[in-house]
Amino acid sequence: MVWREILETIVRGRDLTADEAAEVMGALLEGEVPPAIVGALLAAMRAKGASGVELAGFAKAMRRHALRLEHNLHPVVDTCGTGGGPATFNLSTAAAFIAAGAG
């Protein structure tokens, strides 16, 4: 992957394709990206904003790298939040307690 080209695309305000976004995220998750490039990528994406296509590509790569948890518990509910909402109340923890209490 040519990081200069990826960064130029983002800095110019153009969106990555889903495949490019997946490749970028895969490299990040594998630890293949130099720290300076990680910082530049994050700053550029923050300034541009992520498109739906880019988010789909990022998610595809994250799902590929996710650890699968095998279990015999059914049904299972995931109440994980992103923690990304500034000045908001964390509802995922409260939802977990309510769901557990409801059986």
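The values are calculated or read from the model by the stated rules, or taken from the named source; none is laboratory data. Keep in mind that what you see is a predicted model, and the values were worked out from it rather than measured. Reconstructed Cβ throughout: ideal geometry from the backbone, glycine too, with neighbour counts over all protein chains shown.
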Can you name every residue in region 1-35 that is loosely packed, with under 15 Cβ neighbours inside 10 Å, in a helix (DSSP H, G or I) and not charged (D, E, K, R)? Val11, Pro35
Restrict the check to region 75-84 and report whether at least one residue is on the phi > 0 side of the Ramachandran plot, over 17 Å from the mean Cα position of the chain (by Cα) and modelled with pLDDT under 90. no
If you check Val38 against the conditions, is it assigned to a helix (DSSP H, G or I), surrounded by 10 or more Cβ atoms within 10 Å (Cβ to Cβ) and among the β-branched types (Val, Ile, Thr)? yes
Would you call Glu32 free of Cβ contacts under 8 Å to residues at least 12 places away in the same chain, closer than 15 Å to Ala61 by Cα and among the acidic types (Asp, Glu)? yes
Residues that are surrounded by fewer than 10 Cβ atoms within 10 Å (Cβ to Cβ) and modelled with pLDDT of 80 or more, drawn from region 85-103: Gly101, Ala102
Do the conditions hold for Ala22, that is, is it of a type in the set (Gly, Ala, Ser) and at pLDDT below 95? no
Looking at region 48-79, which of the residues that are charged (D, E, K, R) and part of a loop (DSSP other than H, G, I, E, B) is nearest to Ala96 (Cα to Cα)? Asp78
